[in-house]
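Undergrad: Okay, here's the structure, questions in a sec.
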DNA sequence: GCCGTTTTCGGCCCGACTGTTTTCAGTCG
């Protein structure tokens with residue numbers, strides 16, 4: 001969401017100017033708070049602006065509201081521009097280096113007249129190479145060495161990782177950590193543990209009674225390419241694959257406090273501490289200070305209970321209302337992986353002229369994996385075939401032949417394995433054309449148990465056109481599921497524009513299901529739209545869209561995504577038995 | 001500059017790590 005990133009950056013720059021040019025640290029904090037809130041928005045801020053909802057952003061009050069209005073109307077903010085004139089613009093580029101904040105950046109940019117933001121980093125490289133970065137107050141040899149190292153690391157750095165990739169890196173590291181006899185437990189922290197769709201840095205916690213020995217083991221991990229910082233309790237390292245990892249050590253008695261603290265989010269913790277402070281408590285990763293006594297917590301459950309709250313699931317700790325709900329003693333009851341009884345978006349290697357990519361696994365392989373995953377049913381949803389130049393009759397023949405083949409193949413499987421009792425639904429994933437028509441006629445759709453209807457092209461239609469298109473597509477009786485609804489591909493393609501409120505109303509009234517697509521690069525619906533859909537009474541279905549049996553394991557990503565959208569078991573249709581699920585079809 | 005079901009004024013989360021300093025400032029999460 002580049003617009004959010006850009007807007008947040010703008011406010012951070014203004015905060016930086018205030019930081020170096022005036023003494024009001026609380027105004028600096030206010031700008032930075034608003035910036036991180038904007039950075040964490042799940043919808044584009046310019047969309048909020050068009051809807052007149054800028055003031056719903058936490059940390060945006062009367063003044064910032066005015067400035068943001070000006071920014072979106074005119075592209076510039078006069079007040080901000082006049083602030084920027086007070087500092088050399090090169091400092092903003094320097095602030096992108098780890099360990100360099102506003103003060104250091106200003107110090108360097110001012111001393112060496114780095115006025116061009118676009119060349120400041122290169123200029124700094126030259127200054128270092130020529131040994132001219134001297135005569136700076138409180139910035140001697142070690143600081144220069146640190147800066148040089150940070151610049152080097154930055155040049156080989158990577159952007160944000162997909163959740164699934166971050167998870168793989170974290171799990172490999174954790175397996176290594178468990179090799180040490182001093183490792184009592186190890187867990188991911190931060191955005192990884194909150195199951196955000198993308199992860200910047202990977203944070204890990206290690207439980208140990210021997211911190212010194214354990215930290216030595218941590219730093220001996222063969223995948224480490226550079227140790228960025230290292231202390232008794234924390235180390236920050238860079239891996240050979242370019243990604244950075246933070247490792248925190250904890251004594252068993254503080255394990256719960258540590259997990260809670262570093263899982264965050266930052267806004268969630270600040271909100272919690274503000275509440276705690278009213279009771280005279282002070283919260284930290286070492287526990288809760290109350291009346292001069294420090295209370296320790298081995299589990300997060302105990303930590304939250306001490307504050308009079310139920311355990312808040314990690315996925316929703318974003319300060320978007322979860323603390324208010326917890327204060328009302330609301331039980332969250334979020335859906336769990338073990339609740340899932342079937343996967344209805346699976347591509348097999350059934351060979352007919354497909355309009356998109358064919359799957360790589362056979363029906364039997366898919367059924368085997370479904371059995372291992374404990375499913376009661378699966379749905380095959382290969383892409384609709386192309387049918388170029390065929391008559392309607394010929395097309396129908398092909399679809400009926402597929403159905404017969406699959407039914408026969410399924411019976412062969414049942415005879416072979418005995419008593420597994422998995423049920424099979426025969427469906428297709430059908431393209432929604434730009435007009436809103438489906439790629440298959442009414443008669444052809446009727447040869448199926450169900451259809452997933454999805455947009456695969458022409459994403460950039462107007463909001464009105466896309467809305468109409470989706471509703472028209474869902475109007476067919478066999479169109480049961482809207483596949484990957486927004487079409488987003490994380491880091492690749494923005495979600496399409498549509499009036500989701502109108503679409504959700506249609507789905508609620510006509511018993512249509514919205515998919516939560518668990519593909520690591522989709523995770524679509526996004527969590528805020530899941531929440532909105534549930535509020536409007538829509539039911540959802542969590543699917544993997546697998547093209548290969550190993551991808552069926554991605555279902556957990558979809559469950560996490562659903563949890564981020566506050567979905568309970570009841571909100572998810574494929575937590576029900578097939579009989580109950582099929583009742584939806586009627 | 002933001003925020004409030006005790007407040008529209010008077011507060012504003014907390015600690016690790018680093019480097020340059022002799023007690024602290026800057027940065028990060």
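Undergrad: What does the extension gain come out to for residue A:391 and residue A:274, with contour length at 0.36 nm per residue minus their alpha carbon separation?
TA: 35.2 nm
Undergrad: Tally the DSSP beta bridges in chain A and give the antiparallel ones as a percent, rounded to 5. Before the final figure, lay out the partial values.
TA: Values: 28 of 61 bridges.
So the antiparallel bridges amount to about 45 percent of the total.
Undergrad: Additional query: Under the 0.36 nm per residue contour assumption, what length would be gained going from the current alpha-carbon distance of residue A:290 and residue A:433 to full extension? Each step should come with its number before you reach the end.
TA: Numbers: separation 143, 0.36 × 143 = 51.48 nm, distance 6.21 nm.
Stretched fully, the residue A:290-residue A:433 segment lengthens by 45.3 nm.
Undergrad: Taking the highest mean first, how do the peptides A:215-222, A:443-450 order by number of other beta carbon atoms within 10 angstrom per residue?
TA: A:443-450, A:215-222
Undergrad: Distances over 18 Å make up what percent of all Cα-Cα pairs in the stretch A:227-353? Let's see the in-between values first.
TA: Working: 5125 of 8001 pairs.
When every Cα pair of the stretch A:227-353 is considered, 64 percent fall beyond 18 Å.
Undergrad: Now, a different point. For the pair residue A:21/residue A:126, report the inter-label distance in nm, with labels modelled 7 Å from Cα in the Cβ direction.
TA: 2.6
Undergrad: Something else about it: Binning at 20 Å from 0, report for chain A what percent of all alpha-carbon pair distances ends up in each bin.
TA: 17, 46, 30, 6, 0
Undergrad: Does anyone have the angle between helix A:2-21 and the longest principal axis of chain A? Alpha-carbon axes, 0 to 90°, nearest 10?
TA: Once rounded, the angle reads 10 degrees.
Undergrad: Right, here's the next one. Taking the Cα atoms only, what angle lies between the long axis of helix A:120-129 and the longest principal axis of chain A, rounded to 10 degrees?
TA: It works out to around 50 degrees.
Undergrad: Quick one: length gained pulling residue A:175 to residue A:456 fully straight, 0.36 nm per residue minus the C-alpha distance?
TA: 97.3 nm
Undergrad: If you count, for each residue, the other Cβ atoms within 10 Å and average over each peptide, how do A:17-28, A:199-210 line up from highest to lowest?
TA: Details: A:17-28: 15.1, A:199-210: 20.8.
The most tightly packed comes first, giving A:199-210, A:17-28.
Undergrad: May I pose another question? Taking the Cβ-Cβ separation of residue A:331 and residue A:140 as r and a Förster radius of 45 Å, what is the calculated FRET efficiency to the nearest 0.05? Write out the running numbers ahead of the final one.
TA: Numbers: r = 56 Å, r/R0 = 1.25.
My answer for the efficiency is 0.20.
Undergrad: If you don't mind, another one. Between rounded, prolate and oblate, where does the stretch A:340-585 land on the alpha carbon gyration tensor, with a ≥ b ≥ c its root eigenvalues, rounded for a/c under 1.5, else prolate if a/b exceeds b/c? Intermediate values should be presented prior to the final figure.
TA: Numbers: a/c = 1.64, a/b = 1.17, b/c = 1.40.
Cα axes put the stretch A:340-585 in the oblate bin.
Undergrad: To the nearest 10 degrees, how steep is helix A:500-510 against the longest Cα principal axis of chain A, on a 0 to 90 scale?
TA: Result, in degrees: 30.
Undergrad: Run the numbers on the stretch A:165-235 and let me know its relative contact order in percent, using alpha-carbon pairs under 8 Å that are six or more apart.
TA: On the way: 72 pairs, mean separation 20.1, N = 71.
Worked out over the stretch A:165-235, it gives 28 percent.
Undergrad: So if R0 is 45 Å, what FRET efficiency would residue A:412 and residue A:47 give, r being the distance between their Cβ atoms, rounded to the nearest 0.05? All intermediate terms of the calculation are to be shown ahead of the outcome.
TA: Details: r = 52 Å, r/R0 = 1.15.
Here the calculated transfer efficiency is 0.30.
Undergrad: Among DSSP beta bridges lying fully in the stretch A:448-575, give the percent that are antiparallel, nearest 5.
TA: On the way: 2 of 13 bridges.
Roughly 15 percent of the DSSP beta bridges within the stretch A:448-575 come out antiparallel.
Undergrad: What percent do you get for the relative contact order of the stretch A:16-107 when only Cα pairs under 8 Å and 6+ apart count?
TA: Details: 57 pairs, mean separation 26.9, N = 92.
That works out to 29 percent.
Undergrad: Taking the simple approach of a point 7 Å from Cα along Cα-to-Cβ for both residue A:404 and residue A:569, what is their distance in nm?
TA: In this crude label model, residue A:404 to residue A:569 measures out at 4.3 nm.
Undergrad: Taking the alpha-carbon centroid of each part, what is the distance from the stretch A:151-195 to the stretch A:335-390 in angstrom?
TA: 32
Undergrad: Below 8 Å between Cα atoms, with a sequence gap of 6+, how large is the relative contact order for chain A in percent?
TA: Value for chain A: 9 percent.
Undergrad: Next up: Measuring from label point to label point, each 7 Å out along Cα→Cβ, what is the residue A:70 to residue A:240 span in nm?
TA: 5.3
Undergrad: Roughly speaking, what is the centre-to-centre gap between the stretch A:105-137 and the stretch A:197-269 when only Cα atoms are used, to the nearest Å?
TA: 32
Read-outs throughout are calculated quantities, based only on the coordinates presented, and are distinct from any laboratory measurement. On a predicted model such as this, the values are computed, not experimentally measured, just so you know. Cβ sites come from the backbone with ideal geometry, for glycine too, and all protein chains shown count toward neighbours.
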